[in-house]
Each structure stands twice: as C-alpha cells, then as structure tokens.
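Read-outs throughout are calculated quantities, based only on the coordinates presented, and are distinct from any laboratory measurement. Being a predicted model, the structure only gives us computed values, none of them experimental. Please note: Cβ atoms are built from the backbone with ideal geometry, for glycine as well, and neighbour counts cover all protein chains shown.
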Amino acid sequence: MATKQEIRKEGDRVRANTWYAANKERRAKRVAATRKWLSGMKAEAGCSTCGENDPVCLDWHHTNPQEKSFNMIETCRSRVALEAETKKCVVLCANCHRKLHSAEGQRPHQIARELVTAE
Ligand SMILES: [Zn+2]
C-alpha cells in the first residue's frame, strides 16, 4: 500500500511530465533564444585574454568559484538570474580557459569535467 508521500510524489511526477509534454516546443524555443542571447554577449565581450570572438569557442569563467550560484549552461534559468551570473564571470576562449585552469594545477580530465558541468 502506497503512503501519502508516495502518492504525492507520483502526482508531482505525472504533473511534471504532463507540463513538459504540453510545453516542450515552447521550452525549446525559450532555451534556444536564451542560448542565442548569451552567445551574443560572449561574442561582444570576446576572450579577455586573446580577443577571440567566435561564440562557439567562448566560455564563461567564474572568477571567484565561491560566488558561483549555478553553472552558465543552465539555460532554463531566468534572464535576470543569468545576467547576474555573467557579472561574476569573464569570457575566455576554450584554449585560454584550459590554460588558466591548468596553471591553477587542474589536470586536463578535471578541466574537461568542470567545463561539461560548469560553463
Ligand atoms: Zn583566448
């Protein structure tokens, strides 16, 4: 027999799946627009080390990891939250970003893991 908590959890899961199915296209458009907006900001700023300005090569680097609230890859966040997070970052190209982390003593696999989950 299911507990009240299990029943509520199942209801939450069904509601979330229903919402996701009903809003999948709308959500995809919003995420694409947010990515485009962030890419424009990166291209405009360019790499703060070498000046590269192709957004596909650019990452957000949190200058102080302790101030980091979330990963910039989380495009489901509001633009207000994302813009506030960009203020804690500098734009670096992938090469300069890796060199910076390497100089901080991180090994290549740690840097790659951080980049996948972070910027
Ligand atoms: Zn660079």
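Can you list which of the chymotrypsin sites (Phe, Trp or Tyr not before Pro) found in segment 8-80 are DSSP loop residues with at most 16 other C-beta atoms within 10 Å? For chymotrypsin sites (Phe, Trp or Tyr not before Pro) across segment 8-80 that sit outside H, G, I, E and B with at most 16 neighbouring Cβ atoms in 10 Å, the list reads Phe70.
Under the classification rounded if a/c is under 1.5, otherwise prolate if a/b is larger than b/c and oblate if not, where does segment 10-117 fall, given a ≥ b ≥ c as square roots of the Cα gyration tensor eigenvalues? The shape class here is prolate. At full extension, Arg15 and Thr49 could sit 7.6 nm farther apart than now, given 0.36 nm per residue minus the alpha carbon distance.
What residue among Cys89, Ala43, Ser78 has its Cα farthest toward the positive end of the dipole of segment 10-117, where the charges are +1 on Lys, Arg and -1 on Asp, Glu, each on the Cβ? Checking the options against the dipole of segment 10-117, the answer is Ser78. Rounded to the nearest 500, the helix-only mean residue ellipticity at 222 nm of the chain stands at -20000 deg cm²/dmol, with each DSSP H run of n ≥ 4 adding -39,500 (n - 2.57). Note on segment 10-117: with charges restricted to the Cβ of Lys and Arg (+1) and Asp and Glu (-1), its dipole about the Cα centre is near 380 debye. Pairs with C-alpha atoms separated by more than 30 Å, drawn from the list Lys29/Lys87; Lys9/Lys88; Lys29/Lys88; Lys36/Lys88; Lys36/Lys68, are Lys9/Lys88.
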